[in-house]
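Peer 1: Encoded as structure tokens, here's the structure I'll be asking about.
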Amino acid sequence: MAEYSGEGDDPLLIPARMLNEFAYCPRLCYIEWVQGEFVDSSDTADGRFQHRRVDSDSGAVPDGYEEVQETFHARSVSLTGPETGVACRIDLLEGEGSKVTPVDYKRGSAPKVAEGAYEPERVQLCAQGLVLRENGFDCDEGVIYFAKSKERVTIPFDEALVRRTKELIEDLRGVTQQEGMPPPLEGSPKCVRCSLAGICLPDEVHLLREIEAEGKEKAGAARKLVPTRDDQLPIYVVGQGETVRRRGDLLEFWSRDGKMGDARLREVAQLSLYGGVEITSPALAELLQRGVPVCHFSFGGWFYGISQGTVHKNVELRINQFDWAKSKDRSLEMARRFVSGKIRNCRTLVRRNDPDIKKSKEVLSALNRLAKEADEAENVESLLGIEGAAAQAYFSRFDGLLKSQAGVFSFENRNKRPPKDPANAVLSYLYGILVKDVFVTLLAVGFDPYLGFYHRPRYGKPALALDMMEEFRPLVADSTAITLFNNGELSEKDFVRRGVGVSMTPKGKRTVVSGYERRMSSEITHPIFGYKVSYRRVLEVQTRLLARVISGEIEEYPPFCTR
């Protein structure tokens with residue numbers, strides 16, 4: 001639902017820019033305006049650059065009701081039209097007395113069409129004209145200036161364009177008051193350059209609907225609408241007495257011995273602080289303003305919490321999440337998918353890495369059976385039992401997956417709090433990093449990470465993050481641990497035994513974090529959609545698919561299962 005102004009029951013005025021988006025793609029408009037999500041692309045960044053002059057207020061606008069003959073030019077003029085239902089900021093307003101012409105700046109070249117511009121641009125300009133009329137000005141036409149081709153195209157506000165503009169205003173108002181976003185465009189070339197394609201997932205939603213309708217395991221490949229790599233990456237700071245500071249557009253990292261390094265703020269996706277690391281107020285404030293989460297961990301890797309900016313606007317998603325969580329049947333349905341996906345990925349890891357085929361054959365058979373049982377579990381208690389049996393079978397072969405230093409890093413069983421051997425210490429540390437990444441992704445999409453469907457709510461327990469990380473435990477965390485041990489990247493010097501427990505040295509932790517980030521940046525072919533994508537991006541795709549299930553766009557959550 002759209003937000004309200006607080007004055008009676010009048011809905012918030014529609015920005016003229018959103019009318020442009022709505023005419024172009026109703027779903028794009030809904031995601032950007034109602035749900036409050038936006039991602040920059042080269043096109044949008046260049047558009048802001050082209051607007052840099054007209055975005056600065058200058059010039060005075062006379063009262064439209066006054067009879068004056070002066071000529072004026074005013075930039076970045078903000079006006080509202082309560083009767084029209086539109087608020088606008090006009091790039092440039094040219095006029096003489098009460099007769100005015102709004103000028104809208106566009107970054108590209110003028111299209112070779114009879115109307116002089118495409119409908120979204122003409123409708124946006126006409127809405128500005130209607131607001132000007134409502135404020136007492138005489139406005140019969142507008143101008144679109146195309147920066148790339150340096151052309152001024154005049155758009156007359158004829159009866160047909162005014163009627164179409166008013167229709168779209170009413171349609172947009174209706175869409176923002178309904179529950180659920182408009183459906184995605186199907187096979188549209190508009191999606192290819194859209195910066196919100198990774199949020200909208202148009203091809204993915206349509207393909208999953210096709211799979212559900214036809215009962216197939218896989219449909220045709222989706223277009224590659226999501227980037228395979230991120231321009232921004234996480235930063236980890238580990239060590240007592242270290243400090244994070246801001247200097248200009250840089251984050252600087254200092255220890256007692258002096259400066260250790262720096263990073264450009266625009267390249268930071270998230271900042272993770274382990275142990276007694278301090279961060280200055282200016283640095284924290286700048287990160288929060290940029291929407292960069294700051295995650296806090298104990299020295300041993302226990303996730304304490306997160307500092308973030310304003311909460312995601314998508315309250316509709318959280319309402320649906322709470323409704324689903326209140327339903328035992330819906331929660332069980334979702335929990336089955338999480339556990340089944342985890343068991344299948346555990347089976348894949350054993351099949352790929354266990355050299356003892358005879359011993360692993362029985363485990364593979366058991367995991368296959370348990371995955372099917374998880375899909376049909378009648379209640380959460382049964383599902384917990386199935387997951388426990390699968391974990392016991394899986395970890396019974398985990399020692400056989402550690403090939404390189406047999407006897408040095410042996411693994412008997414899964415243990416924690418504290419971990420009693422190096423392998424368990426690494427696994428626990430990796431699970432802490434993974435739950436942090438899932439937690440951050442859930443927040444970015446608009447979920448409440450503390451309300452899950454399988455893991456039950458408990459004070460301080462990120463239940464939904466624990467739900468979502470299940471299918472990624474073997475693929476990301478366990479696989480990283482196996483690689484680090486088998487490649488000899490971790491040695492006995494990287495571990496310290498304290499009492500009955502084992503912990504890692506700062507060097508060992510840095511090695512584990514480095515291995516984890518390599519894994520998250522590696523690309524894999526998506527088993528359903530067919531394009532290559534990094535594990536980091538897969539986390540977001542899966543989280544957004546979960547949102548699509550909760551919103552009713554697709555019926556079943558498809559866990560990410562490699563083959």
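Peer 1: Taking a temperature of 4 °C and a viscosity of 1.567 mPa s, what whole-number D in µm²/s does Stokes-Einstein yield for the chain with Rh from Kirkwood over alpha carbon pairs? Could the numbers behind the result be given before it?
Peer 2: Values: Rh = 26.7 Å.
After rounding, the answer is 49 µm²/s.
Peer 1: Right, here's the next one. Give me the percent relative contact order of the chain, please, defined on Cα pairs under 8 angstrom at least 6 residues apart. Kindly include the intermediate steps, with their values, before the conclusion.
Peer 2: Values: 976 pairs, mean separation 64.1, N = 563.
Relative contact order here is 11 percent.
Peer 1: Also, quick follow-up: Could you tell me, in Å, what Rg and Dmax come out for the Cα atoms of the stretch 480-563?
Peer 2: In order Rg, Dmax, the Cα atoms of the stretch 480-563 give 17.9, 53 Å.
Peer 1: While we're on this one: Express in nm, to one decimal, how much length is gained between Ile319 and Glu212 on full extension, taking 0.36 nm for each residue of separation and deducting their alpha carbon distance. Write out the running numbers ahead of the final one.
Peer 2: On the way: separation 107, 0.36 × 107 = 38.52 nm, distance 2.53 nm.
Here the answer is 36.0 nm.
Peer 1: Moving on to the next point. Determine the gain in length on full extension of the stretch Thr505-Lys361; use 0.36 nm per residue of separation and subtract their C-alpha separation, reporting nm with one decimal. Before the final figure, lay out each step's value.
Peer 2: Values: separation 144, 0.36 × 144 = 51.84 nm, distance 3.70 nm.
Gain in length upon complete extension: 48.1 nm.
Peer 1: So, one more: Quick one: helix 357-375 against the long Cα principal axis of the chain, what's the angle to the nearest 10°, folded into 0 to 90?
Peer 2: On a 0 to 90 degree scale, this one is about 50.
Peer 1: Now, a different point. Using the Cα centre as the reference, give the magnitude of the dipole from point charges on the C-beta atoms of the stretch 316-521 (Lys, Arg: +1; Asp, Glu: -1; all else neutral), rounded to the nearest 20 debye.
Peer 2: Roughly 560 debye for the stretch 316-521.
Peer 1: Hey, another quick one. Please give the peptides 374-385, 359-370 ranked by average Cβ packing (other Cβ atoms within 10 Å per residue), highest first, as a rough proxy for protection.
Peer 2: Answer by packing, highest mean first, reads 359-370, 374-385.
Peer 1: Moving on. Give me the net charge for the shell around Leu132: Cβ to Cβ below 12 angstrom, other residues only, Lys and Arg +1, Asp and Glu -1.
Peer 2: My count for the surroundings of Leu132 gives -3.
Peer 1: Can you return the aspartates and glutamates within cross-link range of Lys403? Criterion is Cα-Cα under 12 Å, with same-chain partners fewer than 8 residues away left out.
Peer 2: Asp354, Asp356
Peer 1: Using a ≥ b ≥ c from the Cα gyration tensor of the stretch 316-521 (square roots of the eigenvalues), is it rounded, prolate or oblate, where a/c under 1.5 gives rounded and otherwise the larger of a/b and b/c decides, a/b for prolate? Numbers along the way, then the final one.
Peer 2: Working: a/c = 2.15, a/b = 1.38, b/c = 1.56.
The shape class here is oblate.
Peer 1: Follow-up. With a/c under 1.5 counting as rounded, go ahead and sort the stretch 509-549 into rounded, prolate or oblate using the C-alpha gyration tensor (a ≥ b ≥ c being the square roots of the eigenvalues; past the cut-off, prolate if a/b is larger than b/c, else oblate). Each step should come with its number before you reach the end.
Peer 2: Values: a/c = 4.71, a/b = 1.79, b/c = 2.63.
Cα axes put the stretch 509-549 in the oblate bin.
Peer 1: Give me the one-decimal nm value for the distance between modelled label points at Ser410 and Glu159, 7 Å along each residue's Cα-to-Cβ direction.
Peer 2: 9.2 nm
Peer 1: Between Glu267 and Asp375, what is the spin-label point distance in nm, taking each point 7 Å from the Cα along the Cα→C-beta axis?
Peer 2: My value for the distance between the label points is 4.5 nm.
Peer 1: Which distance in nm do the two modelled labels at Arg256 and Tyr118 give, with both placed 7 Å along the Cα-to-Cβ direction?
Peer 2: Going by the 7 Å Cα→Cβ label model, 6.0 nm.
Peer 1: Quote to one decimal, in nm, the extra length available between Thr80 and Ser382 on full extension: 0.36 nm per residue of separation minus the C-alpha distance between them.
Peer 2: On the way: separation 302, 0.36 × 302 = 108.72 nm, distance 5.90 nm.
Extending this stretch completely gives an extra 102.8 nm.
Peer 1: To the nearest 500 deg cm²/dmol, what mean residue ellipticity at 222 nm is calculated for the chain from DSSP H runs of n ≥ 4 alone, each contributing -39,500 (n - 2.57), summed and divided by the residues? If you can, show how the numbers build up before the last one.
Peer 2: Numbers: 18 runs with 233 residues, N = 563.
That comes out to -13000 deg cm²/dmol.
Peer 1: If one computes the Cα centroid of the stretch 530-556 and of the stretch 231-280, what distance in Å separates the two points?
Peer 2: The stretch 530-556 and the stretch 231-280 have Cα centres separated by 31 Å.
Peer 1: Continuing with the same structure: Using only Cα atoms, locate the centre of the stretch 131-207 and the centre of the stretch 307-382, then give the distance between them in Å, rounded to an integer.
Peer 2: Using only Cα atoms, the two centres lie 41 Å from each other.
Peer 1: Could you give the semi-axes, largest first, of the ellipsoid that matches the stretch 233-307, computed as the square roots of 5 times the alpha carbon gyration tensor eigenvalues and rounded to whole Å? Intermediate results must be reported in sequence, preceding the final value.
Peer 2: Numbers: eigenvalues 61, 48, 19 Å².
With the √(5λ) rule applied to the stretch 233-307, the semi-axes are 17, 16, 10 Å.
Peer 1: Over 21 Å between Cα atoms, which of Lys326/Lys461; Lys372/Lys461; Lys436/Lys509; Lys106/Lys150 qualify? Each step should come with its number before you reach the end.
Peer 2: Numbers: Lys326/Lys461 18 Å; Lys372/Lys461 28 Å; Lys436/Lys509 16 Å; Lys106/Lys150 10 Å.
Too far apart for the 21 Å limit: Lys372/Lys461.
Peer 1: Using a Förster radius of 56 Å, what is the FRET efficiency between Leu12 and Glu278 based on their Cβ-Cβ separation? Nearest 0.05, please. Could the numbers behind the result be given before it?
Peer 2: On the way: r = 41 Å, r/R0 = 0.74.
My answer for the efficiency is 0.85.
Since every read-out is calculated from the coordinates, none of them should be taken as a lab result. In this text the structure is predicted, and so the values were computed from the model without any measurement. No Cβ is skipped: glycine too gets one built from the backbone with ideal geometry, and neighbour counts run over all protein chains shown.
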